[in-house]
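First the structure, in the form of structure tokens, and then the observations on it.
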Amino acid sequence: MAHRYPSHRESVSSSTSRTYYNKTFEDTTDLFLFACAHGDYMLVHRLLVDNEVEADVSNKMGKSALQLAIENEHFEVVKVLLDKIPYEKFRDALLLAIYLGHTNIADFIMNHPTYRTFSGGFLDPTHPQAYDDSQFSSDITPLILAAQYNRLQTVHQLLFKGERIKKPHASMCPCIDCADSSAYDSFRQAQVRLSAYKGLSSEVYIALTYPDPILQAFELSHELRTLAKVEHYFREDYKKLANQLSIFVTRLLDNVRGHEELEIVLNKTGRPNEEKYENLARFDLAILYQEKAFVSHSNCQQKLMEKWYENLSAIKNAHLTKRVLFYLAFIICLPILLLTYYIFPKSKIGSLCHQPNLKLKAYIVSYLAFISLIVASSYFSISHLQKTKYLSDYNSTIYKLYIQHIYENTELRSDLISLNEDKYGNNNNRMDSLIKCNISLRFMAPNPFQIAIFIWVIGFVWQEIKQIFGSGIRVYLTSHSNYVDCLMNILYILYFIFLYSTMLLTRTSMNKFHSSNYWNHIKRYNETLDDEKQHLLTKTYHILYWLNADRYYWNSGDSQNLAEAFFAMGNVASICRICFLLPIIGFVGPLQVMLERMIIDISKWIVIILIFFIAFACSLFLIFSHFAMAFQQQESLYKLSNYTEPKIPYMMKFNNLTVEKSFRCLPYYELLNQTIPNITSSDQSRNGNNDTDESCTCSDGCDKIKRIGAYPAIYYFGDRFGSTLLTTFFTLFGVIAEDDLPDRGYELVSLTCKKPDPQRYALGFDLFSSNLGFVIYGLFTFISVTVLVNTLIAMMEETIDTIDDRADVEWKFARSRLYMEYIRDGNTLPVPMNICPTPKSFIYLLKRIKHMILSNSSSTNNNERSNGNRDDQLDDLNIGRRNNDNNDTNNRSIQYDRFKHERIFDRQRSYVVHETLTYKIVIERIVRRFLLYYKNKHISDNEANDGIVIKELKNDVSSLRFELLNEADILDEMHLSSIEPMKKFNNDLQTYFDFEKIKQYLNNQKK
């Protein structure tokens, strides 16, 4: 090699340092890295050719020469370095180029011979030593990274090479691989799953890979929302990916053109390769998957309203007055229309009942009729109770037998009263109403309102059963209104079960009264044996109980009481059910959505308040219950002392008296050699304050004041745990006590007329306990009322603000869900007409039986055929079997052949004249339009164009700069190399030639 002089821009200043354009570098490595970072590819090439430096060196920050060249987008330097670095470095280089969006560098790396030799294969991301020192995580593959950043050209090229993103296993997958991976490093496993889902949820990846990107986006979004509930540590990431898919679907919907394409997209159902359509099936699927952005899209809403007013286009844009008159006429003619539909369902008049809009109006009329029955039943219940008959009016013969053999039988009456006492205790009301000269009878038959309500309830139950069998239990449970319907139906069913059981028992008891055999045994009651007497006594008590309409005689769990309780709760649920019909009104619909969300917030808040509620209630009861027990013991001792003055509960005090004043305790206190502490009333221990006693006796709440006593804190918190719970509960609402009564809260000393003597009594029953109770109760009041209530208000305000920002979307989604319930086939007849089966239902039943018979006969052939085509079906459903690592290469080639055969990238032109549109053709059009106008969502169009121009200009200027510098170096080298020969040539000329003589000679010749 010829000797080469140092150039002007590069010179050797010492044995270890080098100078590059007035910059001194300590060694050749620093010079090499500087050249890579600034794009001097000729210097880089020369240093590598001269073996002065290695290609995979790194700077002090850990960045390699190739990374510096890629970051600064020096394409020529990258081309030089790729030939000198090992294959293990290709992964980071390719990922960095994809991350920075340098598509030309990424394409060059993927087309490099070394990369193609290894087929782009790298270590398994789950390998323990897989790129732990790399700039990118081990679970990131080039396709995943390109898909995450929606690098369209890179994703296209990787897919064309046969690359695919492997769908991760479920979160709780029980397979051996997942179990081993989770046991070794569960965090790495979760990261691998998240990275895979980030790539799978890419807009570009879904659009280029799947034959039905809308269906895939729906299913994947639903899967991500479900996964967010399982893996709480990545909840926000999965929700963000789900929202990203929702936006992607709406962007696809933006590219739909024309009524025909929109109808095909919204009616598509079945597998992606099937041309199967149902009425708004894809729209209904979006409602099921809670895709609110898709449902509320203007294209979908336009199609929904078209279906809603189908065959009623005349009233769609009519004046409000005309629409009201039309609906009133429909309501008036509704019975005739329903009868016509029942007999002739395919007629034009009967088809009006099948129209979705009119179907809803018929349901509203039916439901309002049901509500009217409920209101009328509640209003006329008092007049119905006034028709209660007495035994004397019902049957005079039975009444005479009752008076003679039961009422006038002293022994039987006393036995019945004793039996009643044994069951319910010493209750005067029960004993007085047990045996009377006449008995008010319970109702033994339902009234017309109850019969009508029962018919309606049967219709509602049948409607819910048909809905469950028609749509499935999972789809049924996705709607909140169905929960209210189930609750309402269950409550009414329980109401009628207890009501009719009560009537049955009453009628059975009356039949026993009609039996002559029973009265023959009652006549001989006094002479019968004890066993038979006990049997007659129990039987008579049972008869009198179920005949007697006196509610003070019933026990608290009487079936009639339970029936009325369930009926009352059912009325609440049925009337509140009207709220789910509000979305049909534009200005009320958003309020209903807010109410539904606020109920969820209140439920969360109740869980928190219950924790504090139970904690403080238990602590207060523990403090005061001991003092309440002490007062009860004092009261018991007071009874034993044979003290005749009237006692006042909880207001007793000990006084040391002599032994002679209490004779019943004399042996015990003589044994202890002590004086007897007599229990005296608080009236005697308070300086004989008779005036206050008289004023207290004259007050309206004297009995309540005496029952509460001088220490309300002990009464409200320590008497019973139930009273403690009630006190703390009503404290939340500021309800302390009634007027002129001690507070239903904490007090050290009562403010009533029963006041302790301040000269002999300290304030409060116990100084430490009372102060501690005061602190605990005050802390509970502050936390519950001040903190938690304001927290609830803040939560509800945040919910209102959130929904208010998306009020239009939320309202359209709620309205669409309501409309789809009536657009679906079925439930044409309103309640209670749906109870009666129509001739059409019998025809459908016969067709279903015929289909079942035919399907069973051909099940064997279908099984054999399905086994042969199982793999194809799985491919059509975008579901692949998980293969071992040994089969990855074969599967990749198979997927590539299928991918190429389907022409996903090379989508053929489908705009052919008179071509029948199918879903495959329409979705290819939509995807082409989407990819054609696709831009990175992180930057605007102008910024994208400006950035591309600036990058291209920068690269051109950088390349031109270093090319000119290289040419200058060559010229400098040529100039330096020609200096010595020219000097030698001049010296030789001067030696062999006398230029002065030659000059004179030439001058003489001129003369």
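A short reminder: the numbers here are calculations on the coordinates, not readings from a lab. This structure is a prediction, so every number in the text was calculated from the model and none was measured. When we count neighbours, we look across all protein chains shown, and the Cβ atoms used for this are built from the backbone with ideal geometry, even at glycine.
Taking amide H positions as modeled 1.01 Å from N, with prolines and chain starts lacking one, the residues under 5 Å from residue 25 and 5 or more places away or on another chain are 18, 19, 20.
Charged neighbours of residue 840, selected by a Cβ distance under 12 Å, balance to +1 (K, R count +1; D, E count -1). The phi torsions of region 773-783, fed into the Karplus equation with coefficients 6.51, -1.76 and 1.60 and a -60° offset, translate into couplings of x, 4, 5, 5, 5, x, 5, 5, 4, 5, 5 Hz, rounded to whole numbers, with Gly and Pro shown as x.
By average Cβ neighbour count within 10 Å, what is the ranking of 332-342, 277-287 from highest down?
277-287, 332-342
For residue 381, the shell of other residues with beta-carbons less than 13 Å away shows a net charge of 0, using +1 for Lys and Arg and -1 for Asp and Glu.
Put a dot 7 Å past the Cα of residue 1001, heading toward its Cβ, do the same for residue 846, and the two dots end up 13.7 nm apart.
Projecting each Cα onto the charge dipole of region 419-568 (Lys/Arg +1, Asp/Glu -1 at the beta carbon, about the Cα centre), which of 459, 567, 493 comes out farthest on the positive side? Of the options given, the answer is 459.
First measure r as the distance between the Cβ atoms of residue 507 and residue 771, then evaluate 1/(1 + (r/R0)^6) with R0 = 56 Å and state the FRET efficiency to the nearest 0.05. Don't jump to the answer; show the numbers that get you there.
Working: r = 63 Å, r/R0 = 1.13.
Here the calculated transfer efficiency is 0.30.
The label-point distance for residue 614 and residue 325, in a model that sets each label 7 Å from Cα toward Cβ, rounds to 6.4 nm.
Each of 156, 535 has some number of other Cβ atoms within 10 Å of its Cβ, and from fewest to most they run 535, 156.
In sequence order, region 524-540 has phi-based couplings of 9, 4, 5, 9, 7, 6, 5, 5, 5, 5, 5, 5, 5, 4, 5, 5, 5 Hz under the Karplus curve 6.51 cos²θ - 1.76 cosθ + 1.60, θ = phi - 60°, and Gly or Pro positions carry x. With K and R counted +1 and D and E -1, the other residues having a Cβ less than 14 Å from that of residue 793 yield a net charge of -3. Remark: 241, 477, 562, 224 ranked as 477, 562, 224, 241, counting other beta-carbon atoms within 10 Å and listing the fewest first. Sites listed here are chymotrypsin sites (Phe, Trp or Tyr not before Pro) in region 542-588 whose DSSP assignment is loop and whose Cβ has at most 16 other Cβ atoms within 10 Å: 587. Checking the cross-link pairs 239/307; 239/316; 292/359; 268/348; 346/466 against a 30 Å limit on the alpha carbon distance flags 239/307; 239/316 as lying beyond it. Neighbour counting of Cβ atoms within 10 Å sorts the residues 143, 352, fewest neighbours leading, into 352, 143. Suppose R0 equals 51 Å; then what is the FRET efficiency for residue 376 and residue 532 from their Cβ-Cβ distance, rounded to the nearest 0.05? For residue 376 and residue 532, the calculated efficiency is 0.55. Per-residue Karplus couplings for region 204-214, computed as 6.51 cos²θ - 1.76 cosθ + 1.60 with θ equal to phi - 60°, are listed in order as 5, 5, 5, 5, 8, 9, 9, x, 10, x, 5 Hz, Gly and Pro entered as x. Using 0.36 nm per residue and subtracting the Cα-Cα separation, the extra length available between residue 173 and residue 51 on full extension is 38.6 nm. Compared with the direct C-alpha span, the chain from residue 185 to residue 599 gains 144.9 nm at full extension, assuming 0.36 nm per residue.
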